[in-house]
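Quick notes on the structure that follows.
The values are calculated or read from the model by the stated rules, or taken from the named source; none is laboratory data. Keep in mind it's a predicted model, so treat the numbers as computed, not measured. For neighbour counting, all protein chains shown are included, and Cβ atoms are generated from backbone atoms with ideal geometry for every residue, glycine included. Side chains are part of the model used for accessible areas, which takes the heavy atoms of the whole protein and leaves out ligands, DNA and RNA. Shrake-Rupley method; radii C 1.70, N 1.55, O 1.52, S 1.80 Å.
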Amino acid sequence: MANLRIIMTRVHFGLKFIILIIVPSIYGHHPVDSGKAIKVSGSSTATNTSTDQLTATLTLIPYDVVAHFVNQSRIASCSFPDPDVKLKWRNPKNVIVSDTKGRVHIEEQLSGSLSLVFEFIVRADQGNWTCETNSIGVVLKKSFKMIVNEPISFRDTNPVQTAVEDMDATIRCEVRGHPEPSVSWDFNGKPLFPPNAKYTMLADGLLIKRVSKDDSGEYTCKAFQVSSSGSSFEEKSILLNIKHKPYFHKHRGYLWGNVTYGYVGGAVNLTCDAIAEPPATFTWSANNKKFSHKNHLIYSGQHVSMLQIVVKNSTVFGKYRCEAKNELGTISREIQLQEGTKPERPSRFELRGVNSDTLDIDVGATKSHDVDPDPSTIIGYRFELIPTEEYAKHRSWERAHRRDFDVEDGVTYLLVHLTPDTRYLIRVAARNAAGLSDWTVVKEFITHPLQPYGFHSGAAGPGTSAFLFLRLLTALGSLFLPTMVELKF
């Protein structure tokens, strides 16, 4: 019957009329209802087979499923053997694409094919794109499915964020992507496992309940995505600063509570260090009178302030107050300046060894392990050294290298990283709670010339034996390390 119908369209109208009268008579005496379809056994199968054969001649590239990320480009092509047949493209909303310019448009090719051009792909392009044509009264269609993936991106995610102490805070990290990425968090390199009493995951970040200054640090927002085109991983580091009131640093080293010592004729530094965010401003006062930079030596840095007092007479001893203040709070500390004892200069100052870049100095350091230190106890030494040639140019110790060391029992002090074959002027002062002693006499020492590895001059003398002694100390380092102190520049 399918062949008969095709032939019918090419014969005279009158013949059609005759055949239409004959057809019902073949299948029985029934009236013809133009408003109803006539089901003919076997004709539907033949029609579908013919349509499938015609559809197979419609060529589509891509022919099945294609996956892209947003902002990528793509060209699809549709062709039919008969170049006179008009082709059309429909979008996922079944709307015909007719534009010949723009983000998504069509282009007719000389071969008769019709291209569908995506200059850049967006999420809305996901779905079935269909090429169709009408051939001899039969509508032929073929489609390909476009899957649009959106790569991981971070929105509204500043690398430095701020929270306020004692309040809930949200670290902003809005993760976008399709398929939707899974998100996890690290704090200072260690994984967090929200939800719990401290942390709660949000769609746009991480909620921290009642933050403290200990919550400041580096948070890492991690995103993992699995899609039809593969998997991807991205992360974003966020530094969280906690705004908090000032806190004084804990005491460290040789300190006797809030008591500082000085001696008449010397100078003493009163130090006040307090961490705060934003950084605190410091003020100094005594007897309810504030000190100014005009009349006093006040050195300020981030989180620290130092008041230098020249002790001209005993009237300067007494109570001093340091105050640290920011927008979230104020703290203060009282420092008692008491009269102490000026230490004696080191009784010994000898060279123990030398090589091309090291001087080994003995100052007769001793430390009692049975008696607690008091304000008069020697607690360290200060070394100053300067090349003789440089001192000769300026006649000043202002350019000298300065290093302070804590005292240890029986140690010698290694001054390392010096210049080979160079003369150095060196002096030393002892230190206790009240300040520094007078300087020792200045001595000059010379480093050895730099020699090739394995070279031995064969010369005998104090310099050579001292060098060999240092080499012996190096070989027996495991025995001497507990009592060696290095001075680095």
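Of everything in the stretch 126-153, what is closer than 11 Å to Tyr63 by Cα, open to solvent by less than 30 Å² (accessible area, probe 1.4 Å) and in contact (Cβ under 8 Å) with a residue 60 or more places away in the chain? Give them in sequence order.
Cys131, Phe144, Met146
Which of the residues belonging to the stretch 264-282 are in contact with a Phe, Trp or Tyr (Cβ under 8 Å, 6 or more places away or on another chain) and among the β-branched types (Val, Ile, Thr)?
Of everything in the stretch 264-282, those that are in contact with a Phe, Trp or Tyr (Cβ under 8 Å, 6 or more places away or on another chain) and among the β-branched types (Val, Ile, Thr) turn out to be Val268, Ile275.
Please state which one of Lys312, Lys245 is modelled with pLDDT of 90 or more, of a type outside the set (A, V, I, L, M, F, W, C) and under 30 Å from Trp185 (Cα atoms).
Being modelled with pLDDT of 90 or more, of a type outside the set (A, V, I, L, M, F, W, C) and under 30 Å from Trp185 (Cα atoms) holds for just one of Lys312, Lys245, which is Lys245.
Which residue pairs have Cβ atoms closer than 7 Å, lie 6 or more positions apart in sequence or on different chains, and pair a first residue in the stretch 213-232 that is closer than 30 Å to Leu328 by Cβ with a second residue that is assigned to a loop (DSSP other than H, G, I, E, B)?
Between residues of the stretch 213-232 that are closer than 30 Å to Leu328 by Cβ and residues that are assigned to a loop (DSSP other than H, G, I, E, B), the close pairs are Lys213/Glu165; Gly217/Asn188; Glu218/Asn188; Cys221/Thr157; Cys221/Cys173.
Only strands (runs of 3 or more DSSP E) wholly contained in the stretch 155-259 count here; list those with 1 or more residues that are more than 30 Å from Lys367 (Cα to Cα), open to solvent by less than 50 Å² (accessible area, probe 1.4 Å) and acidic (Asp, Glu).
Strands (runs of 3 or more DSSP E) meeting the threshold: 174-178, 182-187.
Taking into account only those residues within the stretch 402-429 that are under 16 Å from Pro346 (Cα atoms) and at pLDDT 95 or above, which is surrounded by the most Cβ atoms within 10 Å (Cβ to Cβ)?
Top of the filtered list is Val428.
If I filter the stretch 107-117 for residues that are within 24 Å of Ser228 (Cα to Cα) and assigned to a strand (DSSP E or B), do I get at least one hit?
Yes, the stretch 107-117 contains at least one residue that is within 24 Å of Ser228 (Cα to Cα) and assigned to a strand (DSSP E or B).
Return the only residue of Glu384, Glu398 being outside any helix (DSSP H, G or I) and at pLDDT 95 or above.
Glu384
Would you check which residues across the stretch 404-429 are β-branched (Val, Ile, Thr) and touching a Pro at 6+ places or on another chain (Cβ under 8 Å) and list them?
Thr419, Thr422, Val428
What pairs come up if the first residue lies in the stretch 173-201 and is without any contact (Cβ under 8 Å) to a residue 12 or more places away in the chain and within 14 Å of Thr220 (Cα to Cα), the second is of a type in the set (S, T, N, Q) and surrounded by 13 or more Cβ atoms within 10 Å (Cβ to Cβ), and their beta carbons are under 9 Å apart, counting only those six or more places apart or on different chains?
Cβ pairs passing all conditions: Pro191/Ser184; Phe193/Ser184.
Taking the stretch 71-105, which residues are open to solvent by 30 Å² or more (accessible area, probe 1.4 Å) and among the β-branched types (Val, Ile, Thr)?
Listed by number, the residues that qualify are Ile75, Val95, Ile96, Thr100.
Criterion first (closer than 27 Å to Tyr263 by Cβ, touching a helix residue (DSSP H, G or I) at 6+ places or on another chain (Cβ under 8 Å) and loosely packed, with under 15 Cβ neighbours inside 10 Å) does Asp372 satisfy it?
No; evaluated as a whole, the condition is false for this residue.
Among the residues of the stretch 118-138, write down those that are under 27 Å from Ser228 (Cβ atoms) and not in a loop (DSSP other than H, G, I, E, B).
The answer is Phe118, Arg123, Ala124, Asp125, Gly127, Asn128, Trp129, Thr130, Cys131, Glu132.
What number of residues within the stretch 282-326 satisfy the criterion of being of a type in the set (Ser, Thr, Tyr) and open to solvent by 100 Å² or more (accessible area, probe 1.4 Å)?
2
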